[in-house]
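Q: Below is the structure I would like to discuss, written out as structure tokens.
The values are calculated or read from the model by the stated rules, or taken from the named source; none is laboratory data. For clarity, every value in this text was computed on a predicted model and none was experimentally measured. Methodologically, a virtual Cβ is constructed for each residue, glycine included, from the backbone with ideal geometry; neighbour enumeration extends over all protein chains shown.
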């Protein structure tokens with residue numbers, strides 16, 4: 001089972017699992033956080049595959065989830081479904097709590113009831129808050145989340161540990177670091193900036209432009225998730241693991257790289273810093289390398305070029 005399987009990361013993951021010969025059950029509610037039609041396109045190829053099943057359901061809907069768990073013989077759950085985004089979580093904190101915390105609890109409880117022992121949870125680099133130590137390591141304190149979204153992801157990690165401890169469910173919580181590439185959500189910086197630049201509109205640059213992010217290309221992330229799925233099958237484990245690139249790119253560097261890849265000069269509109277945004281992210285990937293044999297291989301500009309090729313095709 002892949003929850004959120006019609007989204008950006010989820011659709012790539014479903015394709016990769018199908019290529020491995022797995023039977024994939026995608027659970028997605030096609031919410032309107034961004035266009036549901038985009039998600040339909042994301043999984044169009046999967047829908048033609050005989051080993052792919054789509055269930056349109058909301059993880060908050062325990063009745064619907066119970067019916068799905070009873071209908072299928074599920075061997076593992078990769079839980080990607082969530083309300084995403086730092087800034088929107090400040091506008092509707094209750095929704096983020098209900099989906100990200102209660103929805104995760106629903107899935108964990110059903111895994112326990114159906115004796116499903118393999119669970120991979122999508123956490124986020126946002127749990128580190130404004131940690132002043134770079135790169136971020138998994139044993140750094142994460143007790144000061146600066147957004148509701150970050151708090152819900154930390155809560156999800158804690159719930160996973162509780163179910164691991166109580167019911168011996170093998171768990172890995174993956175802290176994703178700013179994933180980008182084809183199908184990236186339209187609200188994220190690279191996609192948003194590319195669309196504005198193509199339309200000749202100004203891009204919003206918050207603060208000085210020296211905030212930075214650890215951008216991770218989608219295929220590197222997918223390889224990490226697939227390895228985590230294999231890792232949870234090796235025994236009854238609980239691990240929190242970063243999936244990043246161990247390199248930070250400043251906002252100014254991102255704009256320059258987009259100008260280079262697109263051939264379009266960006267128009268800049270400076271704005272105030274945004275509440276909830278962290279200043280810098282960078283992943284220590286030593287643990288991922290040791291446990292998952294994780295080796296991110298995509299150069300940032302190479303990944304941007306691949307994104308731009310997809311974007312200009314209008315897919």
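Q: Given the options 225, 232, 148, name the one that is over 19 Å from residue 118 (Cα atoms) and either surrounded by 21 or more Cβ atoms within 10 Å (Cβ to Cβ) or modelled with pLDDT under 95 (or both). Working first, answer last.
A: Working: 225 fails: over 19 Å from residue 118 (Cα atoms); 232 fails: over 19 Å from residue 118 (Cα atoms).
Only one candidate qualifies: 148.
Listed here are the residues, each with its yes/no results for (1) surrounded by 21 or more Cβ atoms within 10 Å (Cβ to Cβ); (2) without any contact (Cβ under 8 Å) to a residue 40 or more places away in the chain; (3) touching a helix residue (DSSP H, G or I) at 6+ places or on another chain (Cβ under 7 Å); (4) more than 28 Å from residue 111 (Cβ to Cβ).
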residue: 167; (1), (2), (3), (4): no, no, yes, no
residue: 201; (1), (2), (3), (4): no, no, no, yes
residue: 221; (1), (2), (3), (4): yes, no, yes, no
residue: 264; (1), (2), (3), (4): no, no, yes, yes
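Q: Okay, moving on. I'd like to verify a number: residues in the range 203-219 that are crowded, with 19+ Cβ neighbours inside 10 Å and free of Cβ contacts under 8 Å to residues at least 40 places away in the same chain, how many?
A: Adding up the residues that qualify gives 0.
Q: Here is a list of conditions, (1) surrounded by 22 or more Cβ atoms within 10 Å (Cβ to Cβ); (2) in contact (Cβ under 8 Å) with a residue 60 or more places away in the chain, and residue 127 meets all of them except one; can you say which number that is?
A: (2)
Q: Just the residues that are surrounded by fewer than 15 Cβ atoms within 10 Å (Cβ to Cβ) and in contact with a strand residue (DSSP E or B) (Cβ under 8 Å, 6 or more places away or on another chain), please, taken from the range 1-59.
A: Those that are surrounded by fewer than 15 Cβ atoms within 10 Å (Cβ to Cβ) and in contact with a strand residue (DSSP E or B) (Cβ under 8 Å, 6 or more places away or on another chain): 47, 51, 56.
Q: Can you give me the ranges of the strands (runs of 3 or more DSSP E) entirely in the range 4-104 with at least 3 residues that are touching a helix residue (DSSP H, G or I) at 6+ places or on another chain (Cβ under 8 Å), under 27 Å from residue 145 (Cβ atoms) and touching a residue at least 24 places away in the same chain (Cβ under 8 Å)? Spell out the reasoning first.
A: Values: elements: 24-28, 52-56, 77-79.
Where strands (runs of 3 or more DSSP E) fall fully within the range 4-104 and carry at least 3 residues being touching a helix residue (DSSP H, G or I) at 6+ places or on another chain (Cβ under 8 Å), under 27 Å from residue 145 (Cβ atoms) and touching a residue at least 24 places away in the same chain (Cβ under 8 Å), they are 77-79.
Q: Among the numbered criteria (1) in contact with a strand residue (DSSP E or B) (Cβ under 9 Å, 6 or more places away or on another chain); (2) over 20 Å from residue 153 (Cα atoms); (3) outside any loop (DSSP other than H, G, I, E, B), which one does residue 171 miss?
A: (2)
Q: Another question, then. Looking at residue 99 and the list (1) over 22 Å from residue 236 (Cβ atoms); (2) buried (at least 24 other Cβ atoms within 10 Å of the Cβ), which single condition is not satisfied?
A: For residue 99, the failing item is (2).
Q: If you don't mind, there's one more thing I want to ask. Between 258, 292, which is in contact with a helix residue (DSSP H, G or I) (Cβ under 9 Å, 6 or more places away or on another chain), buried (at least 18 other Cβ atoms within 10 Å of the Cβ) and within 16 Å of residue 190 (Cα to Cα)?
A: Values: 292 fails: within 16 Å of residue 190 (Cα to Cα).
Within the list 258, 292, the selection yields 258.
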